[in-house]
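J.: Dumping the structure here so I can ask a few things about it.
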């Protein structure tokens, strides 16, 4: 079994979810099975009841129960009593840009979707911002202020990429700290610098 085969099957599951054959809970469960599979037979178990979607070599085990009806969840925010804000992007996208209040703790749940968080103009009243990731076949982009410190060594990454592509990362940290934790499965996280302001954008608010 190769990682490329697992990624291919995750892509098929993503397509099945987009067409309504799987709901998000079943999609997440099958992705976990696919990422843990060690043989093509084990991998095919997650596809056997999906019409037109199989991986070479039939499975040796029993098929799964038919999936329940699709239930997609739109992007949404949830705040609990502890001051934690949860951002959800299920089969969609969520974006935060410009001036917005950043809580001390964020939970980012992205399944078959994308989340973009731009902190460069946000109001950050904490020295440390905790960000817990729960990403399955999705992408997260974080734009942080110049001089910010980002720690992502606690993030569990499975068939995923976590890339810090900021310019000037060697400069002394003078801004807030962002501590990332959680897991990313068959997805991606990119940490980026503030957007550059072009000369023709000077005097405008859309940098």
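The values are calculated or read from the model by the stated rules, or taken from the named source; none is laboratory data. No experiment lies behind these values; they were computed from the predicted model shown. Reconstructed Cβ throughout: ideal geometry from the backbone, glycine too, with neighbour counts over all protein chains shown.
Residues checked against (1) surrounded by fewer than 19 Cβ atoms within 10 Å (Cβ to Cβ); (2) modelled with pLDDT under 95; (3) touching a strand residue (DSSP E or B) at 6+ places or on another chain (Cβ under 8 Å):
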position	(1), (2), (3)
7	yes, yes, no
42	yes, yes, no
79	yes, yes, yes
82	yes, yes, yes
116	yes, no, yes
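J.: Right, residue 10: in contact (Cβ under 8 Å) with a residue 24 or more places away in the chain and within 18 Å of the chain's Cα centre (by Cα) or not?
T.: Numbers: in contact (Cβ under 8 Å) with a residue 24 or more places away in the chain: yes; within 18 Å of the chain's Cα centre (by Cα): yes.
Yes, satisfied.
J.: Within region 120-140, does at least one residue satisfy the condition of being surrounded by fewer than 19 Cβ atoms within 10 Å (Cβ to Cβ), assigned by TED's automatic domain parsing to the domain that holds residue 100, out of contact with any strand residue (DSSP E or B) (no Cβ under 6 Å at 6 or more places or on another chain) and under 19 Å from residue 195 (Cα atoms)?
T.: The answer is yes, given that some residue of region 120-140 is surrounded by fewer than 19 Cβ atoms within 10 Å (Cβ to Cβ), assigned by TED's automatic domain parsing to the domain that holds residue 100, out of contact with any strand residue (DSSP E or B) (no Cβ under 6 Å at 6 or more places or on another chain) and under 19 Å from residue 195 (Cα atoms).
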